[in-house]
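Reviewing the structure listed below.
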Amino acid sequence: MKTASVPKNISAQIERLREEIRGHDRLYYVLSSPKISDTEYDMLLRRLSELEGRYPETVTPTSPTQRVSGAISTDFKPVTHTAPMLSLDNVYNEDEFRKWHERILGLLPAAQTPELVIEAKIDGLSCALTYENGVLVRGATRGDGVTGEDVTPNVRAIRNVPLRLEEPAARRLELRGEVSLT
């Protein structure tokens, strides 16, 4: 089936959005110097995703919509995640929340009702903590979702992170969450 050609102004807008998002990714993830808020960034990414959804022939493997944002810093040793660390979906209004909630309920067994907890957004650093035989052996950032940075010495300095689990749940345990400093 032949697809209609994409209007030039749409193609140009898609490319501008991709470049702008890549620039903000570099500022945030590599230079640690963001210039826009997370919400503004999310709106750029959402707009690009909407356009690519409307014109799927424009999607490329290098589009920011095709990966978890983030470049790997050269300041830390790279770590390959055992399973991809994906980012969470965002919702910005009640209608989007209701749609998300319905989607989640559809994924659960009929008799199961989740308990919801709503918290203020915390801008932190996604991190995976790996314990072997109850001992913390690695802390790694999300990075690009497949490869992160080994930040074990930094994680060990966080007093709330146990270096040893009192009752290890498994020989190997990986915990994923958000590190934030107030």
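Which of rounded, prolate, oblate describes the range 1-157, given a ≥ b ≥ c as roots of the alpha-carbon gyration tensor eigenvalues and a/c under 1.5 marking rounded, otherwise prolate only if a/b is larger than b/c?
On the way: a/c = 1.95, a/b = 1.26, b/c = 1.54.
Taking the square roots of the gyration eigenvalues as a ≥ b ≥ c, the range 1-157 is oblate.
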What is the gain in length, in nm to one decimal, between A110 and E167 on full extension, counting 0.36 nm per residue of separation less the C-alpha to C-alpha distance? 17.2 nm
Spin-label zone in the range 106-130 - amide nitrogen under 18 Å from a point set 7 Å from the Cα of S37 along the C-beta vector: 119-124
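Kindly state, to the nearest 0.05, the FRET efficiency for Q66 paired with V6, given R0 = 25 Å and r defined as their beta-carbon distance. Intermediate results must be reported in sequence, preceding the final value.
Numbers: r = 17 Å, r/R0 = 0.70.
The pair Q66/V6 has a calculated efficiency of 0.90.
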Highest GNM mean-square fluctuation among I104, I36, I158, for the chain with Cα springs under 10 Å, belongs to I104
GNM, the chain, Cα, under 10 Å: largest mean-square fluctuation among V155, V117, V30? V117
For K99, give me every one of the aspartates and glutamates with a C-alpha distance below 20 angstrom, ignoring sequence neighbours fewer than eight places off in its own chain. D42, E50, D89, E115, E119
Note down the nm distance, to one decimal, between modelled labels 7 Å out along Cα→Cβ at I122 and at I158. 0.8
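Rounded to the nearest 500 deg cm²/dmol, what is the calculated helix-only ellipticity per residue at 222 nm for the chain, with -39500 (n - 2.57) per DSSP H run of length n ≥ 4? Before the final figure, lay out the partial values.
Numbers: 4 runs with 54 residues, N = 182.
It lands at -9500 deg cm²/dmol.
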Test of understanding: in a Gaussian network model of the chain with alpha carbons linked when under 10 Å, which of A140, A110, A128 would top the mean-square fluctuation ranking? A110
Toy charge model, Lys and Arg Cβ at +1, Asp and Glu Cβ at -1: the chain dipole around Cα centroid in debye, rounded to 20, equals 460
How big is the gap, in Å, between the Cα center of the range 4-46 and the Cα center of the range 90-128? 25
Against the longest principal axis of the chain, how steep is helix 8-25, in degrees 0 to 90 to the nearest 10, with axes from Cα atoms? 20
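Coordinate-derived values only; no laboratory data. Just so we're clear, the structure is a prediction, and the values are computed from it rather than from any experiment. As a convention, Cβ positions derive from the backbone with ideal geometry for all residues, glycine included, and neighbour counts pool all protein chains shown.
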